[in-house]
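**Q** Structure in structure tokens, see below.
Values quoted throughout were computed directly from the atomic coordinates according to the rules given, and no laboratory measurement underlies them. Owing to the predicted nature of the structure, the values given are computational and were not obtained by experimental measurement. Here Cβ is always computed from backbone atoms with ideal geometry, including for glycine, and neighbour counts include all displayed protein chains.
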Amino acid sequence: MKGRFDVVGIGYSSVDYLGIVPRYPPEADEKTEMMEFSMQGGGPAATALVTLSRLGAKVAFIGKVGDDDFGRFMLRELKREGVDVSMTRLERGARSPFAFIIVE
């Protein structure tokens, strides 16, 4: 009997704020301008599943996210990318993880 999914990922999902700067780190006491900024899904399991989904695999994510704006964003983006999130728990009162990533 063939399974419902090709790959099931169990683990971590986060929201990544990605900022692109011309130079990092700046000189001492110097500010640097952010050239681009985006908010996207992240985390090793979730990112791998999105990649596999884009390659045509049937995938699902098992994990939990906070019942907050970040958690709802993660679930919405995973669904949009074709990842089944029916086994992902939205935990009331929990805060979803996020990261701020600076890229030169």
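**Q** Could you compute how fast region 61-101 diffuses translationally, taking Rh as the Kirkwood radius over C-alpha pairs and applying Stokes-Einstein at 25 °C with viscosity 0.890 mPa s? Give it in µm² per second. It would help to have the intermediate numbers written out before the result.
**A** Working: Rh = 10.3 Å.
Estimated diffusion coefficient is 237 µm²/s.
**Q** Separate question: Within the chain, what's the longest run with no trypsin sites (Lys or Arg not before Pro) in a DSSP loop and at most 10 other beta-carbon atoms within 10 Å? Give the range, please.
**A** 32-91
**Q** Need the full-extension length gain, Ile62 to Phe98, defined as separation in residues times 0.36 nm minus the C-alpha distance. One decimal, nm.
**A** Separation in residues times 0.36 nm, less the Cα-Cα distance, equals 11.2 nm.
**Q** Ok, one more. In the chain, what percentage of the DSSP-assigned beta bridges are antiparallel, given to the nearest 5?
**A** That works out to approximately 30 percent antiparallel.
**Q** Work out, step by step, the length gained on full extension between Phe5 and Tyr24: first 0.36 nm times the residue separation, then minus their alpha carbon distance; give nm to one decimal.
**A** Here the answer is 2.7 nm.
**Q** Compute the helix-to-body angle for 69-80: its Cα long axis versus the longest principal axis of the chain, expressed 0 to 90° and rounded to tens.
**A** Between helix and principal axis, roughly 60 degrees.
**Q** Roughly speaking, what is the centre-to-centre gap between region 33-104 and region 3-23 when only Cα atoms are used, to the nearest Å?
**A** Each part reduced to its Cα centre gives a spacing of 5 Å.
**Q** Additional query: Mind pulling the angle between the C-alpha long axis of helix 44-54 and the longest principal axis of the chain? Nearest 10 degrees, somewhere in 0 to 90.
**A** On a 0 to 90 degree scale, this one is about 70.
**Q** Using θ = phi - 60° and the Karplus curve 6.51 cos²θ - 1.76 cosθ + 1.60, what whole-Hz ³J(HN,Hα) does each residue of region 89-95 get, with Gly and Pro shown as x?
**A** 9, 8, 8, 5, x, 8, 9
**Q** When Rg is the radius of gyration of the Cα atoms in the chain and Rh is its Kirkwood radius, what does Rg/Rh come to?
**A** A ratio of 1.10.
**Q** Rounding to the nearest 20 debye, state how big the charge dipole of the chain is about its Cα centre with +1 on each Lys and Arg Cβ and -1 on each Asp and Glu Cβ.
**A** 860
**Q** A further question on this structure: With r defined as the distance between the Cβ atoms of Leu90 and Glu33 and R0 fixed at 35 Å, what FRET efficiency is calculated, to the nearest 0.05?
**A** According to the calculation, E is roughly 0.40.
**Q** Here is a follow-up. Report the number of Lys pairs in the chain whose alpha-carbons are under 26 Å apart, with separation of 8 or more residues or on distinct chains.
**A** Close lysine pairs found across the chain: 4.
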